[in-house]
Structure formats: structure tokens, C-alpha cells
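The values are calculated or read from the model by the stated rules, or taken from the named source; none is laboratory data. Remember, predicted model here, so these are calculated numbers, not experimental data. Note that each Cβ is placed from the backbone with ideal geometry, even for glycine, and that neighbours are counted across all protein chains shown.
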Amino acid sequence: MKNTDEIDATTRALARVAPGTPGGDPSDAEARALLAAITSEDPGTAAKTGTRAYRRPALGLAATVVLGAGAVVGPSLLENGSGVPASWAVTAADGMVTIKVRDFRDAAGLETRLRDLDVPAIVDFVPWGQRCREPRGRHVDDIPRGLYSLPENVPGEKRGWQMRINTKLFRPGQTFVWTISAPASGGSSSTSTYLMEGPVAPCEPVPRPTQKAVEQEFRTATLKGRSLEGLRVDEKTVGEVLPELRKRGRKVVFMTMVIPPGNPGGFGEGRTRTEPVGDDWIVWEAEENAKGVIRLLVTDRRYDKNPVYGGPRDAVITE
Amino acid sequence: MDDERPARFEAVYREAYGRIMAYAARRCDSPQDAADVVAETFTVAWRRMDELPPGDEAILWLYGVARRVLANHHRSEGRRQARSVGLDARMADLYADSPGGEAELEAIAQVFRALSDDDRELLSLVAWEELDREQIATALGLSRNVVRVKLHRARRRFARALAEAGIRNTPESRLAPAEGSL
């Protein structure tokens, strides 16, 4: 085996991924989640803040949940009118704990129940728009795979969400640190989840930092009494929705949703931008802020179900 | 942040993602390591967009970044890149499909792994990423002439090592001829 071609052919045969073959498709959910996670980081400050930048709540669900930071359930996922079932339920089987959260104020009750089930947890409630001052303790970087799942809709229910925790994967000294939040009016809710080791400081509520003025205080715009009442934008293309909004003279921005693998319901908040996205992108809901800016929740392709509602909008919004 | 930056990055990402995934998968022993390398490579690229060359050279520059990330990764094993964990399953699929199994191929792989990092990388860039000398020179920041000489020596050392290991037959490559897109 002496000549160049033979040597190269021999080397080729060793390739794990065949030469000339891509190792992945950039339109895969994971690929897009990674892209969103990376570009949500301000490149100017990223180098200085190092790994701290990974903990920003704007990261995609897939990324955030795994690193234990800011698993933010899109508010619309849980938004609804009345009839809050004021309970949470936890069930254990074989070390796997399934947690269903419906009341985002009963932190003490949830914490007690988790501890009963051997989940070393601290749960705090903070008023809407706030979070606990960081850092409260040392973050665990190498979170075991499968320790906890993405938050997802409770099957058959319009409200609340559930996630699974494998209690066998906690190591001594580790604590699952949860912050739950909901506005006084009910409706929305959010949660952030961290895995920490060693002592954890008490929660000191501080205002949640906002990245850009344009991103704060958005709420669903298509509900009764809101500025787009009666207009259906869900599951339409950007090209179908934009002309009507323009006709109404509305300023429109776009938020790219980060859909976790399998589209279980819920999404991570990607970048909000003012420049147009493709006409063939899919709109899942429209939001508005106090200034009347419309924010379209969009993805670059169609999914099997509306990630905002974990299914058809009509199954959740029944007004 | 200027508005052009994310769009440009996304275009490069879409173009390069499959190739960087393959690059990492071919060089890392575990899918987790490979996922880390992919995530870190693109993170570095995002932070250093100002240095990212235009056009076809972007991928070569990314290979260079990936190579340095890989070298650093080997030094700091044990810490996961949080944002890369989402890629694990996808990577694991690539590993499941890996060539291997035949004793002879395994023996060749062993010889290959025993080469120096530099030799392996040069041979790999030719055979796996299908870069030509000029592209390798760009990716590694070397002159074409240096690449030519180093590559010649790397091939010779690999051939000699194979001979010393008693491996004489070239395995018929089971892989379809490459359709390089560079």
C-alpha cells in the first residue's frame, strides 16, 4: 500500500461519517435550537461573561432546560380566563416523579410535596416580572441526562404544565431550585429551573431584566377586548397575515420561537427582530404591547400542532 | 449589534452545519464530545463574526476554529457544554451508523490513531472533508508548499506504519465516491 490514492482510500474507509456526507441537517429542531441559543447571546458581551451567558432565559427550551436555567414556558401556553384549579399533583413511580403545576402561587405546598418524594427542591414564588437575585448558589454544569424533562402541557388539560424528574439522578448536596411566577390576574405563568450544589441563598426578588424595550410586556392581541380581537392569525403564513396588519397601520416585529424536539407544546423565546422574515414562515399567535406594537410568534416551518397552545388554538381559547 | 449580523451568521450556519457536525463526529470518540465541539465552534464563530471570511472560505475558517476547539476540548474534558446536549441524540445516530466491525478496519484504525495529531488531521482533511491542498492551507493557516510537504510525509508515515503492522491490503472502500460540494 504505497501510492497516494491507496493511502487516501484507506483513510476514507475510517470516516465515521462518509466523506461528502453531511453530519446533520440545519433544519433539524436541535440545529435550530442551537442556532437560536447562540444568536440570542449578545456577541459583544459574550466573551466577557463566559458561561453565564448561557443562562439567559431567552435561550431555547431545549437548551435551557438541560442547563437548568430559565425554562420559560411561553405565557400564552397557559393563558386563559377563569377557573383556576388551585392544585398541583405529584406522583411517583420507580424514582420518576411527574409534577403537574396548576397553581403558580403555592410554592410552599409544592416544595413540601417534592421533598416528601425525595426531590431535594427549593421552590419560591416571585411576583410577575420579577425573579430571584442571581447567583443564589453554585450552578451544576454537568447535569445528568434525563434528570428532568421539558415542561409540557398536561394531556387533556388546557391549563398548567407537567414535567418529569428522575429522582435517582440527584447527587448528594444538589438542590433543584425552582422559581414560579404568575401575575395577580392569573392567566400567564412562568417557571425557571436550576440545578445547584452546596448552599442556596434565600430568594431575594428583583425585577427581571429586560433585554429590549420592544420585548417587554407583550400579551396575546387576538383575545376579546384586545386590539386584534376577532382576527385569526394562528397557523397562517406571514404572507397571509402581514397585509391585514399593514392595512391597519400596525408596527410589526417578529419573534422566532424555539421549538423543542418533538414539539411537545411550549416554546423557547428566540430573538425578536424588526426586519421581515420569509412570507412562507408560519405565524402561531400575535401579541401586542402597551405601545401597540404587534409581535408575531413565528417559526420558519410548519409544525404538526400549534406550539403556543400545544394543539389547536380553539381547544384552548374558547371565548 | 447590527441587523445584518444574525442573518449572515444564520446563512453561514445553514451552509456549514452538516459539515461541522460530520467533522466533529469523525474526530471525537463520543457523541457528547462531538456535540460539544459543534456547539462551541459555532459559538466562537458568532463571537468572532468580524473575522469570518466571505464566501467559500467561511467553511475553511470554521474547520480551523473546530480544530482548535477540539484541541482545547481534549484538555478540558468532563465539562459539558450545556447548549450542545440537544445535539446528543442526533450525534448518537451518526455513531450508530459508523463503519467498523471488521477486524482489518479496526487494525487500520488503530494504526491511524497512533499517528501524530498533525498527520492525522492532514490525512483526514484530504480524505474525509475532501479539501484540496489550497483549502487545507487556508484552514490551517499554512502555505500551500508547507501543506504539500507535510501531507507527503504524513502519507508516507501512515503507509510505513501500516506495513509495520502487517496490513498490506487496501480495504475496498465501501463508501460511494465522494460528491464534494466545495
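Hey, among B:ARG8, B:ARG19, which residue is farther than 19 Å from B:GLU130 by Cβ, touching a residue at least 24 places away in the same chain (Cβ under 8 Å) and among the basic types (Lys, Arg)?
Among B:ARG8, B:ARG19, only B:ARG8 is farther than 19 Å from B:GLU130 by Cβ, touching a residue at least 24 places away in the same chain (Cβ under 8 Å) and among the basic types (Lys, Arg).
From the residues in the range B:145-169 that are among the charged types (D, E, K, R) and part of a helix (DSSP H, G or I), which one is nearest to the other protein chains (Cβ to nearest Cβ)?
The qualifying residue nearest to the other protein chains (Cβ to nearest Cβ) is B:ARG155.
Tell me, please, whether a residue that is facing chain A (nearest Cβ under 7 Å) and either crowded, with 21+ Cβ neighbours inside 10 Å or farther than 13 Å from B:ALA66 by Cβ (or both) can be found in the range B:28-38.
The answer is no, given that none of the residues of the range B:28-38 is facing chain A (nearest Cβ under 7 Å) and either crowded, with 21+ Cβ neighbours inside 10 Å or farther than 13 Å from B:ALA66 by Cβ (or both).
Could you check, for the range A:150-173, whether at least one of its residues is assigned to a loop (DSSP other than H, G, I, E, B), of a type in the set (Ser, Thr, Tyr) and modelled with pLDDT under 85?
No.
If I filter the range B:13-24 for residues that are more than 9 Å from every other protein chain (Cβ to nearest Cβ) and surrounded by fewer than 24 Cβ atoms within 10 Å (Cβ to Cβ), do I get at least one hit?
The answer is no; no qualifying residue exists.
Identify the residue in the range B:119-144 that is out of contact with any Lys or Arg (no Cβ under 8 Å at 6 or more places or on another chain) and crowded, with 22+ Cβ neighbours inside 10 Å and, among all such residues, is nearest to the other protein chains (Cβ to nearest Cβ). Don't jump to the end; show me each part of the working.
Residues of the range B:119-144 that are out of contact with any Lys or Arg (no Cβ under 8 Å at 6 or more places or on another chain), as a first pass: B:125-126, B:130-132, B:135-136, B:138, B:141, B:143.
From what's left, crowded, with 22+ Cβ neighbours inside 10 Å: B:125-126, B:131, B:136.
Working: B:LEU125: 10, B:VAL126: 6, B:LEU131: 10, B:ILE136: 13 Å.
Filtering first and then ranking leaves B:VAL126.
Are there any strands (runs of 3 or more DSSP E) wholly within the range A:234-319 with 1 or more residues that are over 22 Å from the mean Cα position of the chain (by Cα) and either of a type outside the set (Val, Ile, Thr) or over 21 Å from B:PRO6 (Cα atoms) (or both), and if so which?
On the way: elements: A:252-258, A:268-273, A:282-288, A:294-299.
It comes to none.
Looking at (1) modelled with pLDDT under 80; (2) hydroxyl-bearing (Ser, Thr, Tyr); (3) buried (at least 17 other Cβ atoms within 10 Å of the Cβ), which is the one condition that is false for A:SER185?
All conditions are met except number (3).
Select, from B:GLU57, B:GLU51, B:GLU4, the only residue that is facing another protein chain (nearest Cβ under 10 Å) and more than 13 Å from the chain's Cα centre (by Cα).
Only one candidate passes the filter, namely B:GLU4.
Residues of the range B:22-73 being in contact with a Lys or Arg (Cβ under 7 Å, 6 or more places away or on another chain) and in contact (Cβ under 8 Å) with a residue 60 or more places away in the chain, which ones?
Correct list: B:ALA25, B:ARG26, B:ILE59.
Surrounded by 18 or more Cβ atoms within 10 Å (Cβ to Cβ), modelled with pLDDT under 75 and either part of a helix (DSSP H, G or I) or more than 9 Å from chain A (Cβ to nearest Cβ) (or both), is that true of B:GLY101?
Here the answer is no, as B:GLY101 does not meet what is asked.
With the requirement that a residue be within 23 Å of B:SER124 (Cα to Cα), at the interface with chain B (Cβ under 7 Å from one of its Cβ atoms) and outside any loop (DSSP other than H, G, I, E, B), what does the range A:1-42 give you?
A:THR4, A:GLU6, A:ILE7, A:ASP8, A:ALA9, A:THR10, A:THR11, A:ARG12, A:ALA13
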